[in-house]
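As structure tokens, the structure follows; a few thoughts come after it.
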Amino acid sequence: MSILIKGGRIIDPANGIDDTLDLLIQDGRITQVGKNLDGKGAEVIDAAGLLVTPGLIDMHVHLRDPGQEYKEDIVSGTRAAVAGGFTSVACMPNTNPINDNKAVTRYIIEKAKAEGTANVFPIGSITKGLKGETLSEMGDLKDAGCIALSDDGKPVSDGEIMRRALEYAKPFGLPLISHAEDLSLVGEGVMNYGFVATELGLKGIPWVAEDAATARDVLLAEFTGARLHVAHVSTKGSVEIVRAAKKRGVKVTCEATPHHFTLTEDAVRGYDTNAKMNPPLRGAEDVAALRQGLADGTVDAIATDHAPHHIDEKNVEFNVALNGIVGLETALPLSLALVRDGVLALGDMVAKLTTAPARILGIPRGTLSVGAVADVTLIDPELKWTVEAAKLQSKSKNTPFNGWNVQGAAVRTIVGGKVVYQR
Amino acid sequence: MSFRHKHILGTEQLSKEDIELILDTAESLREINSREIKKVPTLRGKTIVNLFYEASTRTRTSFEIAGKRLSADTINMTASTSSVTKGETLEDTAKNIQAMKPDIIVMRHSASGAPHYLAERIHCSVINAGDGAHEHPSQALLDLLTIRQHKGRLEGLTVAIVGDITHSRVARSDLYAMTKMGMKVRLCGPGTMMPPGIERLGAEVFTDMDDAVRDADVVMMLRIQLERQGKTLLPTLREYARLYGLNPARLALAKPDAIVMHPGPLNRGVEISSYVADGKQSVILDQVENGVAIRMALLYLVAGGEASES
């Protein structure tokens, strides 16, 4: 079975390609990239006017499987992924049971292989039960297929445990993904600390709760020489901390979510629980700093923190609503908006959704090199559409972008040489 | 002019004209409260549900009396007796009450925004009787009525509000309402109790209480709630009383004819000394009396308001 993608604008940051070319897929692999390819017998896809990119990679999703399948599962989550143009997702371990052992890792991998439409790369927990007390069996987790470690959703509050986790993980080559949050400074906060919280009478989460934790983890990475990736950076200060650390040669990378670089705390007005997430939506200065960080390379990757929640968990008073929003199906147009806004060149935007997460996670994806697995996304960058929460592939509909008129969408998503999504 | 609001969710939504209409209406209804037969048939046949998710004696009683004096049928539902303790959602509670066809729901809730949530999901009018640290509009309106009675005007007066501003819905509602009426609002409290950006809402922020009180026309003390704020925001109540308590010496810094207000209940000896609370400048009980008139006015105006507007 072969597919010939003809006449698209191929953007392959790993190989420095941005050109109108054809791409041939045979037996699940990319076999040729060039002009006027003749793939006889191949199914031909006319990609004129489309972008042809490596399959997008979301390095931060919650698939809720096992344990909270009423919110999402591996089937619905990967369906949402490919609808958003993502061919690979890395899923966080805060499932039930928690992915802190090889049995859960294997379950995820096997179910994804049998029933999923996208590649699923599990992230194991740093500590047993996400309790922040004792290290998970990282060797087991790696052998079972975990590609990174994180207690995402919770910080590793104890400095000693985080230090030892970095030291222990280092020889395995697994990056630690930090959910940087000083819980004592978060207190009972439910949105960003600032003027909007004052007006709404809601308790605030100050930026220093994130920055202090980011600084500690970056310093621990510097101290141990281990690799650290900072998840969902949302503040100006955290961007600056990572930027300075990179200059010193610390092995640190970080990601930003589309909602944090698109929305401000103003979205909370009206007590919209779909604007409630952790870290919270911040101020305009923070959004500007994130965009600057994306532009200058401080922010390596774009990741969604796709966090499905049932309507019953959102249709409640603001202070008791759960944190998080779904992101897989809105990330691409929001990222393309960065290109239109002049924040990122198109190739750099694609890199932050492909080569960068592949490099950080050490997975053999994110490129259109000959011989690579044929994960390919075809994007119509001009397509205008309206986000309709009810029509999302995800089981959950918790998006603050409902009703938004956006531009750009995946029109075909190819995983391992098979078209798994077509718009 | 007519009143166009279906709901009373906060003073933020009210215009100067709205506020004047409410105060004038309350002024004319106030007389009913001193009649021998304290009842008029104005709201006969209307059903008012007082839905209280948070303990409140005076506000609930005040709304209940206000409804009854206007001949409405008032029903009290409190958190301890409603099914909220069994985990029913606010939406389900709202739908159930809705099904019983009330005309007005008066709601008190510990979550900021809860009355807004209710108003979006229900057909009848919603009056916010206090939501979290957000707004408490009827309190602010009764404060204005009391000030107007004692001072004969509102415009140009200086009010000092002292206490935990961060967690005070009274402070926010007063601030919105008073600035709209052309009053100068000074806010004062410990550094741990001053919310960010509050000056952008038109307040002048003070850290020294003497400065805040100096030459003020009105001094309003807020209740310090030990159970909520005592943990990390204050060293001791002794020091709080010394720095932010209203005693006769400090009151002497205000204008000689300044009035003293407090939304209650009082922590005597903490934010206010008994000499001041019971002194001749205190109008605290006038506030309570005016509370009934203001709530009568709100019920009356909302019951007659257009249903299409929120």
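The values are calculated or read from the model by the stated rules, or taken from the named source; none is laboratory data. In this text, all values refer to a predicted model and were calculated from it rather than measured experimentally. When we count neighbours, we look across all protein chains shown, and the Cβ atoms used for this are built from the backbone with ideal geometry, even at glycine. Protein only, heavy atoms only, side chains kept; ligands, DNA and RNA dropped before computing areas. Shrake-Rupley method; radii C 1.70, N 1.55, O 1.52, S 1.80 Å.
What angle do you read, to the nearest 10 degrees and between 0 and 90, between the alpha-carbon axis of helix A:207-224 and the longest principal axis of chain A? With rounding to tens, the tilt is 70 degrees.
Simple rule: put +1 on each Lys or Arg Cβ and -1 on each Asp or Glu Cβ in the protein assembly as shown, find the dipole, and look at B:41, A:386, B:144; the Cα lying farthest toward the positive end is B:41.
Pairs A:314/A:384; B:184/B:280; A:154/A:276: which exceed 22 Å Cα-Cα? Each step should come with its number before you reach the end.
On the way: A:314/A:384 28 Å; B:184/B:280 24 Å; A:154/A:276 16 Å.
Too far apart for the 22 Å limit: A:314/A:384; B:184/B:280.
For the set A:70, A:421, the ranking by accessible area, highest first and with no ligand, DNA or RNA atoms included, is A:70, A:421 under a 1.4 Å probe.
Treating the beta-carbon of each Lys and Arg as +1 and of each Asp and Glu as -1, no other charges, what is the dipole magnitude of the protein assembly as shown about its Cα centre, to the nearest 20 debye?
Numbers: 82 positive and 91 negative charges, 138 e Å.
With only Lys, Arg, Asp and Glu charged at Cβ, the dipole is about 660 debye.
In the stretch A:303-327, the residues that give up 40 Å² or more of accessible area when the other protein chains are added, compared with the chain on its own (1.4 Å probe), are A:315, A:317.
The residues of chain A expose on average 36 square angstrom of accessible surface per residue, using a 1.4 Å probe on protein heavy atoms.
Order A:69, A:210, most accessible first, counting only protein heavy atoms with a 1.4 angstrom probe. Spell out each step's value before the answer.
On the way: A:69 65, A:210 10 Å².
Ranked from most to least accessible, the order is A:69, A:210.
With viscosity set to 1.306 mPa s and temperature to 10 °C, compute the Stokes-Einstein D of the protein assembly as shown, Rh being the Kirkwood radius across alpha carbon pairs; µm²/s, no decimals. Value of D from the Cα-based Kirkwood radius: 56 µm²/s. Rounded to the nearest 10 degrees, the angle from helix A:331-340 to the longest Cα principal axis of chain A is 80 degrees.
With a Förster radius of 22 Å applied to the C-beta separation of residue A:46 and residue A:345, the computed FRET efficiency comes to 0.30.
Sorted into 10 angstrom bins from 0, the C-alpha pair distances of chain B split as 6, 28, 34, 23, 8, 0 percent. Both the radius of gyration and Dmax for the stretch B:186-253 are 12.4, 33 Å, in that order, over alpha-carbon atoms. Straight-line cross-link reach from residue B:68 at under 27 Å between alpha-carbon atoms covers these lysines, not counting any fewer than eight positions away in the same chain: B:6, B:38, B:39, B:46, B:95, B:101. Placing +1 on the Cβ of every Lys and Arg and -1 on the Cβ of every Asp and Glu, with nothing else charged, gives chain A a dipole about its Cα centre of roughly 700 debye.
Show me the three semi-axes of the equivalent ellipsoid for the stretch B:125-276, from the C-alpha gyration tensor (sqrt of 5 times each eigenvalue), largest first, rounded to whole Å. Mind dumping the intermediate values first?
Details: eigenvalues 90, 74, 41 Å².
Semi-axis lengths for the stretch B:125-276 are 21, 19, 14 Å.
Total Å² of accessible surface buried at the B-A contact, 1.4 Å probe, nearest 100? Interface area, both chains combined: 1500 Å², rounded to the nearest 100. Estimated from helical segments only, the mean residue ellipticity of chain B at 222 nm is -11000 deg cm²/dmol, where each DSSP H run of four or more residues counts as -39500 (n - 2.57).
Of the peptides A:150-156, A:114-120, how do they stack up when ordered by the mean number of other Cβ atoms within 10 Å, highest first?
Working: A:150-156: 24.3, A:114-120: 21.0.
Packing order, densest peptide first, comes out as A:150-156, A:114-120.
Accessible surface area normalised per residue over the stretch B:85-179 is 28 Å², counting heavy atoms of protein chains with a 1.4 Å rolling probe. Shown for the stretch B:94-113: residues covered by the partner protein chains by 10 Å² or more of accessible area relative to the chain by itself (probe radius 1.4 Å), namely B:109, B:111, B:112, B:113.
Per residue, what volume in Å³ does the convex hull of the Cα atoms of the stretch A:208-348 enclose? Could the numbers behind the result be given before it?
On the way: hull volume 16.2 nm³, N = 141.
Taking only Cα atoms, the stretch A:208-348 has a hull volume of 115 Å³ per residue.
Among A:94, A:402, A:278, which one shows the biggest mean-square fluctuation in a GNM of chain A, springs joining Cα atoms closer than 10 Å? Looking only at A:94, A:402, A:278, the biggest GNM fluctuation is shown by A:402. One quarter of the surface of the convex hull around the alpha-carbon atoms of the stretch A:1-109 equals 8.4 nm², the direction-averaged projected area. Peptide A:186-197 shows a mean partner chain C-beta count of 2 within 10 Å per residue C-beta. Under the criterion of Cα pairs below 8 Å and six or more residues apart, the relative contact order for chain A equals 20 percent.
Given contacts defined as C-alpha pairs under 8 Å and at least six residues apart, what's the relative contact order of the stretch B:1-154, whole-number percent?
Details: 225 pairs, mean separation 39.8, N = 154.
Worked out over the stretch B:1-154, it gives 26 percent.
What Kirkwood Rh does the stretch A:384-423 have if only Cα atoms enter the pairwise 1/r average? Answer in Å.
It is 11.6 Å.
3J(HN,Hα) along the stretch B:125-131: 6, 10, 10, 7, 9, x, 10 Hz, from the Karplus curve 6.51 cos²θ - 1.76 cosθ + 1.60 with θ = phi - 60°, whole Hz, x for Gly and Pro.
Of the solvent-accessible surface of chain A, computed with a 1.4 Å probe and all protein chains present, 51% belongs to carbon and sulfur.
Here residue A:111 is the anchor, and the lysines within straight C-alpha reach of less than 22 Å, apart from those fewer than 8 places off in the same chain, are A:71, A:102, A:142, A:395, A:418. The fraction of all Cα pairs in the stretch A:84-141 landing in successive 10 Å bins from 0 to the largest distance is 25, 50, 21, 4, given as whole percents. Which one, A:55, B:11, A:324, is farthest towards the positive end of the dipole of the protein assembly as shown when Lys and Arg carry +1 and Asp and Glu -1 on their Cβ? Selected residue: B:11. Projecting the Cα atoms of A:349, A:239, B:205 onto the charge dipole of the protein assembly as shown (Cβ charges, centred on the Cα centre) puts B:205 farthest toward the positive pole. Within chain A, all pairs of alpha-carbon atoms sorted by distance into 20 Å bins from zero give the percentages 28, 60, 11, 0. Measuring nothing but alpha carbons in the stretch A:310-423 and taking Rh as the Kirkwood radius, the Rg to Rh ratio lands at 1.02.
Taking each full run of DSSP H in chain B as one helix, which ones are at least 18 Å long along their axis (Cα atoms) and have mean Kyte-Doolittle hydropathy of at least -1.0?
Numbers: long enough: B:16-30 (21 Å, -0.35); B:137-151 (21 Å, -0.25); B:284-304 (30 Å, 1.12).
Passing helices, by number: B:16-30, B:137-151, B:284-304.
Magnitude of the Cβ-charge dipole of chain B, K/R +1 and D/E -1, about the Cα centre, nearest 20 debye? Let's see the in-between values first.
On the way: 38 positive and 38 negative charges, 125 e Å.
Dipole of chain B, to the nearest 20 debye: 600 debye.
Average the reciprocal distances over every distinct pair of alpha-carbons in the stretch A:270-325, invert the result, and give the Kirkwood radius in Å.
12.9 Å
Near residue B:181, once Lys and Arg are set to +1 and Asp and Glu to -1 for all other residues with Cβ below 14 Å from its Cβ, the sum equals -3.
Contact order, relative form, for the stretch A:96-247: 18 percent (alpha carbon pairs under 8 Å, 6 or more residues apart, mean separation divided by residue count). The orientation-averaged projected area of the convex hull spanned by the Cα atoms of the stretch A:174-279 comes to 6.8 nm². Of the residues B:206, B:63, the one with the largest accessible area comes first in the ranking B:206, B:63, computed with a 1.4 Å probe on protein heavy atoms.
Among the GluC sites (Glu not before Pro) in the stretch B:25-65, those placed in a DSSP loop whose Cβ has at most 11 other Cβ atoms within 10 Å are B:36. Taken along its three principal axes, the alpha carbon spread of the stretch A:110-213 comes to 50, 37, 20 Å, from the longest extent down to the shortest.
Among the protein heavy atoms of chain B, carbon and sulfur supply 50% of the accessible surface, probe 1.4 Å, non-protein parts ignored.
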